[in-house]
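Undergrad: Have a look at this one before I ask anything.
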Amino acid sequence: MQEIQFRQRLAGLINSKERLLVAVSGGVDSIVLFHWLLNWCREETQQLAVVHVNHNWRLAAASEQAALATMCQQFEVPFYTTTWELPVKSEAAARAFRYQFFAEVMEAEGYEVLLTAHHGDDLAETVLQRLVRGSSLKGYAGILPQRSFATGRLVRPLLGFSKAELLREAQEKGWSYWEDDTNQQLAFTRNRLRQRVIPLLKEENPRFLQKIHTFSQKIQYADEILTEMAILDCQQVFQKKQGDLGIFLKLSAARQQNVLRAYLAEVVGDAIDQFTDQHVTEMLKALQSDKPQVQVTLPENLVLTKSYGSFALTIKQAAPASHIYQLQPFEAIFLSETEWLTLLPQTTSLELPPQVATWSAYELLLPQVALPLTVRHRKAGDQIQLPQGFHKKISRLFIDQKVPNAERDQTWLVADEKEQLLWVVPKVNSYLSIPQETDKILYRLHFRREERK
């Protein structure tokens, strides 16, 4: 009866042309999965192979590895195995090593589907563990029945079965299996939930595992709906590379959170687990504040930058190097990969390097100035002379022109030998750089910049 239910569920998860790789630890759940798959594949003439990792945590691990190899040889099933030579007593490290090997076998041998023996009790443990520590909505669904993995898919066809049902099946069929005694150690949260909490919940409701399975499905459906809504909202908010703050703030608070979570997931991918509700709250607080410019430092070296009417997630940049260049007539310099500057006498024709020919062009005409010119970034106290002899601090100029903080430290300034500022490139030129008469024009500064979209 159990195997019939398994076949019905499996038929909805795989197709008959896919090559199957089943992860077998030797425990009762994976042994039952192996035999059920073996029967299925023999009838469907479908290819099946076994993959096993010896974590070297127990004295019996090597003998169990050898026994699995013998079992696969007996049933004429390919067997792929490896041993963790330098094991670390860490569940997370063991899982990472295990799944890396699974992926390598799938890619090297051309298997499309990896099947694991996670069952209903595993699902309940995962859901409870995430409820205790906190998670994303998708995380509260626990273990998904299938997802993308390596070059194919990861499928878990036993989530609808309890550990007791699988144990009874193995005992009735006389299938040999081994129990991992580390599953009884209460040092691990999962084991404490398994040994102490879940038995009490099953006493309260004998259908507890079915209720958890239904709960998981409902969470998955809700997450799918929110994902679809986030896609539509993000299309409106992110019509350009950056987010439009005005459009974002018109959304309800719930949809704002939904957009930020989707935006984070798009930027960081699998590292989304590093971001908590508190991080999303900090991002929302910054975007909703009255301050025109705000930055929020996040995990994974990420920064949320709000700058006037827009916002964006970017990788935190190192502080700009304090480059200082000297410029004489007929000289040209690449200030960066996307910026180029030259100083020429007015009567000299301009010759451009091929790579800058299509970049945006800016030019400043100069009278007699004290040479050489200095090209540098801003420093404290910098001022520029405006018409009628007025001076304005560069810091105030940036504020008035609403220049984002990230751009302020990257903006180039040109000064003469006396350290009088002539140009805030390419935004503002000094009154000192404006020749009173055309015949007083002696030089021209020509600046090119690649405008990246």
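Undergrad: Quick check on this structure: which one of A61, A23, A49 is small (G, A, S), closer than 29 Å to G160 by Cβ and out of contact with any Leu (no Cβ under 6 Å at 6 or more places or on another chain)?
TA: A23
Undergrad: Does the range 280-307 hold any residues that are of a type in the set (V, I, T) and either in contact with a Leu (Cβ under 6 Å, 6 or more places away or on another chain) or buried (at least 17 other Cβ atoms within 10 Å of the Cβ) (or both), and which are they?
TA: Hits for the range 280-307 are V280, V294, V296, T305.
Undergrad: Hey, another quick one. Tell me the strands (runs of 3 or more DSSP E) entirely within the range 272-354 that contain at least 1 residues that are of a type in the set (K, R).
TA: Because the criterion is at least 1 residues that are of a type in the set (K, R), the strands (runs of 3 or more DSSP E) in the range 272-354 that meet it are 302-307.
Undergrad: Scanning for something touching a helix residue (DSSP H, G or I) at 6+ places or on another chain (Cβ under 8 Å) and closer than 20 Å to K402 by Cβ, does the range 271-288 turn up at least one residue?
TA: The answer is yes; a qualifying residue exists.
Undergrad: Sort out which residues of the range 99-117 are without any contact (Cβ under 8 Å) to a residue 60 or more places away in the chain and not polar (S, T, N, Q), and write them in order of number.
TA: Correct list: Y99, F101, A103, E104, E107, A108.
Undergrad: For a quick check of your reading of the model, give me the residue pairs whose first member lies in the range 435-453 and is at pLDDT below 65, whose second is of a type in the set (K, R), with beta-carbon atoms closer than 8 Å and at least 6 apart or on different chains.
TA: Final answer for the pair search is K453/K241.
Undergrad: Okay, next question. Considering only residues of the range 402-428 that are closer than 16 Å to K379 by Cβ and either basic (K, R) or not assigned by the TED database to the domain that holds P367 (or both), which is surrounded by the fewest Cβ atoms within 10 Å (Cβ to Cβ)?
TA: Only one residue tops the list, namely K418.
Undergrad: Take the conditions part of a loop (DSSP other than H, G, I, E, B), within 36 Å of the chain's Cα centre (by Cα) and within 25 Å of A164 (Cβ to Cβ) and apply them to L13. Does it pass?
TA: It is true that L13 is part of a loop (DSSP other than H, G, I, E, B), within 36 Å of the chain's Cα centre (by Cα) and within 25 Å of A164 (Cβ to Cβ).
Undergrad: Given the criterion among the hydrophobic types (A, V, I, L, M, F, W, C) and under 37 Å from the mean Cα position of the chain (by Cα), identify the matching residue among L335, L350, L343.
TA: Exactly one of L335, L350, L343 is among the hydrophobic types (A, V, I, L, M, F, W, C) and under 37 Å from the mean Cα position of the chain (by Cα), namely L335.
Undergrad: Report, by residue number, each residue of the range 243-259 that is polar (S, T, N, Q) and either in a helix (DSSP H, G or I) or under 13 Å from K306 (Cβ atoms) (or both).
TA: Q256, Q257, N258
Undergrad: Would you check if E85 is farther than 28 Å from H213 by Cβ and touching a strand residue (DSSP E or B) at 6+ places or on another chain (Cβ under 9 Å)?
TA: Against the criterion (farther than 28 Å from H213 by Cβ and touching a strand residue (DSSP E or B) at 6+ places or on another chain (Cβ under 9 Å)), E85 does not qualify.
Undergrad: Taking G243 as the residue in question, decide whether it is among the small types (G, A, S), touching a Phe, Trp or Tyr at 6+ places or on another chain (Cβ under 7 Å) and at pLDDT 85 or above.
TA: So G243 fits the description; yes.
Undergrad: When residues of the range 65-86 are filtered for being under 38 Å from the mean Cα position of the chain (by Cα) and either assigned to a loop (DSSP other than H, G, I, E, B) or acidic (D, E) (or both), how many remain?
TA: Residues that pass the stated criteria total 5.
Undergrad: Is the range 151-174 home to any residue that is farther than 30 Å from T70 by Cβ and either without any contact (Cβ under 8 Å) to a residue 40 or more places away in the chain or hydrophobic (A, V, I, L, M, F, W, C) (or both)?
TA: No, the range 151-174 contains no residue that is farther than 30 Å from T70 by Cβ and either without any contact (Cβ under 8 Å) to a residue 40 or more places away in the chain or hydrophobic (A, V, I, L, M, F, W, C) (or both).
Undergrad: Kindly indicate the residue of the range 368-418 that is assigned to a loop (DSSP other than H, G, I, E, B) and among the charged types (D, E, K, R) and also nearest to Q346 (Cα to Cα) among those meeting that condition.
TA: D416
The values are calculated or read from the model by the stated rules, or taken from the named source; none is laboratory data. Keep in mind it's a predicted model, so treat the numbers as computed, not measured. FYI the Cβ positions are ideal-geometry reconstructions off the backbone, even for glycines, and counts take in every protein chain you see.
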